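> Okay, handing you the structure first.
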Amino acid sequence: MCKSVASLVVAGVYLLFGSTVLSAPVSTVASPSFHVPPAFVSNHGQWSPEVHFRAKVGDLTAWLTPGGVVYGLRGARELVRARFLDARPAPVMSPSEPAGFAVNFLYGSRPDAWVADAGAFGRVTLEQIYPGIDAAWYLRDGRLEYDLILAGGADPGTIRMAYEGADTLAICDSGDLLVMVGQDTLRESAPVVWANAGGSRHRLDCRFVLLGPTTVGFSVEAGPAPAFGLVIDPILKYSTYLGGSEADLATDLAVEPDGSICVVGQTSSANFPTLGAMDPTYNSGLDIFVARFAANGGALLTATFIGGSLDDEATSVSIDLDGNIYVTGATQSTDFPVKAAYDSVQNGEADVFLVKLAAGGGSIVFATYLGGLENEKAEAVAVGPNGLIWLTGRTESPGFPKVNAIDATLNGAYDAFVSLFPPAGKPLSFSTYLGGNFADEGRDAAPVSYGVYISGLTESPLFPVTAGAYDVSYNGNGDMWVAKLAFSGGLGSLSYSTFLGGTGPETDDCSINLMADGRVAVAGMSGSADFPVSPDAFDPSYNDNGDATISVLSPDLADLDYSTFFGGSSYEGAVGTAADADGNIFIVGPTFSTNLPLLHPFDSANMNIDGFVARLNERDGLVFSTYYGGSQIDLIAAAVVDQAGSVVFAGQTSSTDLPVGNAWDPTYNAGGSDGFVAKLYGINSGCCQERRGNINDDDVETPNISDLIFLVNYLFRAGPTPPCLLEANVDGDPGGQLNVADITRMVNFMFRGGDPLPLCP
């Protein structure tokens, strides 16, 4: 009956009530014309003494008092007081998260009544409203929300709220609470409870309970005694399981032109969910899956198997400008579904495969083997702006296909390979070994016009490096390497190549991403205390047992511009990296550490082996970091940044209590592991949570004509105030003024190919 707003609590016992919003159209009433970002502004005499803080979010006004909150609807023409019954009469009200500005109330004919420098905050907590229970109001994504925070042993049954001024209350099928006030309705999303006990996390059933026409309480199932003192920052946009009754794992993902998310991996589940599949039938062994989700994560668009009668593994996916999907990995199947193939016959025990799917994933454009008489595996596929298809990985075959090769000879136990296909899939345009006297492999690729950057791992002191490179000497025990290859006039060449490492091992992975300014970001894992770090490193010191690393190299690979460790006292590895348009770098991977450096975390506790997500930049160091996982093993495999600047990541989980929200599938499917896909937002400050431009605060994150109309109406037609003024400040001017310059920036971006709108601060 009512669509539920997914919410999540991940620590202690919290009753989370999200998104207090108006669900009916309201008129706009003019107010004094000081437009400031939504915040809790302190009372210095400008309001009734009962009020301690006020927040205005769109057409909803909230006055915080010691007894609860007063909601003003329709420009305060209609009032609802949400009051805690039988609560402590005068709880301490503690503001936190300073907004970084103050508000002046300089209006009226009496200067002695003017108020200057009223503080503004992002969060206000009412302490001990009941024994062991706090209430905290905060602003998120342009909405007012609140949590009820219970200490160990606190009784949720003591909480009762009376909605004075409401006509009646109702609970819809989704569990949401509806507060009817005249022609308007306030809506509180269904409460969600998580409890920590015995070192693991448990979800408990919690529901609103009507105690009278305008009074509500809460029913919480019996469960483990909650832990005390944990705090959350709930910024999960969506998270969903993906799998069947056997083992499933997601290995890579990519963003399609319309914002949809394409996820690939492998499955042993005959009942893996398919939709609009070109192959709806599980083939045997390990099969590849290709699944596509809507941008908001809540809908599965398509899902299909790909494979033959033996094991097939997908390692990487890439999307071209037309939405075509490219998948690569390794196959042991002699009956892999080939079509319009460069090579239609399997060559060795395991070959590389390359599949091109038409946009939407409904049909194969071409599919081919690539390999020699031994074993091969592709680790990355990347489609360049000119449609050229680059592959890299490892080969053990002396007869691996070579075309215009830089090096035509297998050098060690196995070499990296780099191969290039045209958009049509054949003939093979370029293919070469790349390696030294021991073991080498390519791990990731980032294409540019007429070339590609490749990152990988090497145990070879004789790995080919170029003069003038940042590091021309092998450091020992395994190094990362980065190389740029050029392809022009039918010929390939090695433009630049460098080692990157210390005297300990650099192993496990080495991912690469190009920054907006053309520099090269490389993430990996180092066991070297002397891994090279820059003077401005977020963490210049090795933390023991293996740290994640992030390094930024100049385009010619001659200079190390930035480099830092990231980790706790146990193991971390950065298996994926992504960069946004503003110089921020995301890294993701597994962590064994319980003391990972956290900043504004979504999840502040590592229950077993968790994934981590971190964002850093050269100016600020660490911007955001969090654990992500449940009570069992959770591994993040890859990440990508979408058009809105949010990080989307995928991997595998054995946790039945993985944090989920807006999930297509909220339930673990057994079989040892499920795949998962998740998206985090809210990594920026204030109500502006991603990239600016979602002015009307609808569910469509990418700015569109409705946002432009909303802004025009606000500026020139007395339309409603944007729910988040920071979001509406699309030109990002420091003063935050909304004017015709913002309209111009929107028009240029939407219709004239202008620069992307800035990220939120």
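> Can you pull out the strands (runs of 3 or more DSSP E) entirely within the stretch 273-373 that have at least 3 residues that are surrounded by 24 or more Cβ atoms within 10 Å (Cβ to Cβ), at pLDDT 95 or above and at negative phi?
Correct list: 287-293, 312-319, 325-331, 351-357.
> Let me ask another. Considering only the stretch 656-677, I want to know if a residue exists there that is of a type in the set (A, V, I, L, M, F, W, C) and touching a Lys or Arg at 6+ places or on another chain (Cβ under 9 Å).
Within the stretch 656-677, none of the residues are of a type in the set (A, V, I, L, M, F, W, C) and touching a Lys or Arg at 6+ places or on another chain (Cβ under 9 Å).
> Continuing with this model, one more query. Please find, among G672, G693, G682, G732, the residue that is on the phi > 0 side of the Ramachandran plot, out of contact with any Cys (no Cβ under 6 Å at 6 or more places or on another chain) and modelled with pLDDT of 90 or more.
Testing whether each residue is on the phi > 0 side of the Ramachandran plot, out of contact with any Cys (no Cβ under 6 Å at 6 or more places or on another chain) and modelled with pLDDT of 90 or more leaves just G672.
> Hey, does the stretch 167-179 have a residue that's at pLDDT 75 or above, buried (at least 20 other Cβ atoms within 10 Å of the Cβ) and closer than 27 Å to A39 by Cα?
yes
> Further question on the same structure: From P555, P597, which residue is surrounded by fewer than 23 Cβ atoms within 10 Å (Cβ to Cβ) and under 17 Å from A446 (Cα atoms)?
Answer to the selection: P555.
> State the number of residues belonging to the stretch 339-364 that are over 33 Å from the mean Cα position of the chain (by Cα) and either touching a residue at least 40 places away in the same chain (Cβ under 8 Å) or under 20 Å from V383 (Cα atoms) (or both).
So the answer is 7.
> Now for a separate question. Only one residue in L491, L457 is in contact (Cβ under 8 Å) with a residue 12 or more places away in the chain, out of contact with any Pro (no Cβ under 6 Å at 6 or more places or on another chain) and either of a type in the set (D, E) or surrounded by 23 or more Cβ atoms within 10 Å (Cβ to Cβ) (or both), so which one is that?
L457
> May I pose another question? Check the stretch 399-409 and report whether any residue there is part of a strand (DSSP E or B) and farther than 13 Å from V452 by Cα.
Checked the stretch 399-409: at least one residue is part of a strand (DSSP E or B) and farther than 13 Å from V452 by Cα.
> Checking the conditions here, which among V613, V641 is modelled with pLDDT of 85 or more and either crowded, with 24+ Cβ neighbours inside 10 Å or in contact with a helix residue (DSSP H, G or I) (Cβ under 7 Å, 6 or more places away or on another chain) (or both)?
From the options V613, V641, the qualifying one is V613.
> Condition check: closer than 23 Å to V365 by Cα and surrounded by fewer than 18 Cβ atoms within 10 Å (Cβ to Cβ). Does P447 satisfy that?
Taking the combined requirement at face value, the residue does not satisfy it.
> Considering each of A529, A581 in turn, give the residue that is over 19 Å from D471 (Cβ atoms), among the aliphatic types (A, V, I, L, M) and surrounded by fewer than 23 Cβ atoms within 10 Å (Cβ to Cβ).
A581
> Does A718 satisfy the condition of being closer than 23 Å to A55 by Cβ and modelled with pLDDT under 75?
Judged against the criteria, A718 is a match.
> Looking at A416, is it under 26 Å from the mean Cα position of the chain (by Cα), under 26 Å from G478 (Cβ atoms) and not polar (S, T, N, Q)? Working first, answer last.
Values: under 26 Å from the mean Cα position of the chain (by Cα): no; under 26 Å from G478 (Cβ atoms): yes; not polar (S, T, N, Q): yes.
When the stated conditions are applied, A416 does not pass them.
> Kindly provide the set of residues from the stretch 378-396 that are within 22 Å of F463 (Cα to Cα) and surrounded by fewer than 22 Cβ atoms within 10 Å (Cβ to Cβ), ordered by number.
Across the stretch 378-396, the qualifying residue is only E396.
> Is there a residue in the stretch 498-509 that is more than 22 Å from D561 (Cβ to Cβ) and in contact with a Leu (Cβ under 7 Å, 6 or more places away or on another chain)?
So far as the stretch 498-509 goes, yes, one or more of its residues are more than 22 Å from D561 (Cβ to Cβ) and in contact with a Leu (Cβ under 7 Å, 6 or more places away or on another chain).
> Return the residues of the stretch 402-424 that are of a type in the set (G, A, S) and loosely packed, with under 15 Cβ neighbours inside 10 Å; say none if nothing qualifies.
Listed by number, the residues that qualify are A408, A413, A424.
> How many of the residues making up the stretch 381-398 are part of a loop (DSSP other than H, G, I, E, B), of a type in the set (S, T, N, Q) and at pLDDT 95 or above?
Count: 1.
> Still on this structure, please answer the following. Looking at R81 and the list (1) over 20 Å from T214 (Cβ atoms); (2) modelled with pLDDT of 85 or more; (3) of a type outside the set (A, V, I, L, M); (4) in contact with a strand residue (DSSP E or B) (Cβ under 8 Å, 6 or more places away or on another chain), which single condition is not satisfied?
All conditions pass for R81, except number (1).
The values are calculated or read from the model by the stated rules, or taken from the named source; none is laboratory data. This structure is a prediction, so every number in the text was calculated from the model and none was measured. In this analysis, Cβ positions are derived from the backbone assuming ideal geometry, glycine residues included, and neighbour counts consider all displayed protein chains.
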